[in-house]
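The values are calculated or read from the model by the stated rules, or taken from the named source; none is laboratory data. Just so we're clear, the structure is a prediction, and the values are computed from it rather than from any experiment. Counting neighbours? That spans all protein chains shown, and the Cβs are built from the backbone with ideal geometry, glycine included.
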Amino acid sequence: MPHWTGFAACAAILALGLVGATTDIRSGKVYNQHTYSFALAGLAFWSMAGFFSTLHGTTGPGGWAGAGEGFSRSAIGLMAGFLPCMLLHFMFGLGMGDAKFIGAMGALFASWEGVLAMTFYGLAAGLVTSLVVLIWKGQIKAFGRNVGLILMQASVAKRPEVHSMHTVPFCLPMGVGAVTAGLEQLLQVHTPWNALSPHAPPWLG
């Protein structure tokens, strides 16, 4: 069954999702004090979990070797979330706050598989939400034009110039995706992304 660390990580993921979605909806921003705090908390939490031998598959006394393993897993999750979003930032204008939000989520997941699952569910939630908003605002045609512009300018080293439209706050669907992925790992649901790696997420015991 899941280790207590899984419940703690899932609670932190839920908290970051709520904070990020709330500030994104209210002000259109994701604040550094939130993303940095949660990212550092994830790194520290999984380092301590490794130190006290509570990582999945950990044998022996834990100690500094276990702390190093916990820190590295959290750091890999952070980079798995942040680096691809940085690429999207330079290519398509994804907000830096959004990139930091995904990176912080990765640090809490402490696994790239969790980031992959979060992205899948977040994009699915975002697609559904965006379609509802576009239909409600009558902007389906404008959306089609923007997609065409993005595809035509994808190979150009500058951000595409698109028409202004109503948007869905990025952190809202991604927060939903993160919570869904967290519950999925907590309940040990078998998924294709977990099957890609022979190593179980660190919060499963």
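The table for this structure:
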read-out	value
Count - residues of the stretch 16-53 that are surrounded by fewer than 16 Cβ atoms within 10 Å (Cβ to Cβ), in a helix (DSSP H, G or I) and of a type in the set (G, A, S)	3
Qualifying position, being closer than 15 Å to A110 by Cα and touching a residue at least 60 places away in the same chain (Cβ under 8 Å), among A39, A11	A39
Test result for L18, over 18 Å from F82 (Cα atoms) and out of contact with any helix residue (DSSP H, G or I) (no Cβ under 6 Å at 6 or more places or on another chain)	yes
Residue check for F101: under 19 Å from G182 (Cα atoms) and crowded, with 24+ Cβ neighbours inside 10 Å	yes
Inter-residue pairs, beta-carbon under 7 Å, first at pLDDT 95 or above and in the stretch 104-119, second surrounded by fewer than 24 Cβ atoms within 10 Å (Cβ to Cβ) and polar (S, T, N, Q), 6+ apart	none
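Conditions (1) over 17 Å from M174 (Cβ atoms); (2) modelled with pLDDT under 90, marked per residue:
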residue	(1), (2)
R26	no, no
Y31	no, no
S37	yes, no
M48	yes, no
F51	yes, yes
G62	yes, yes
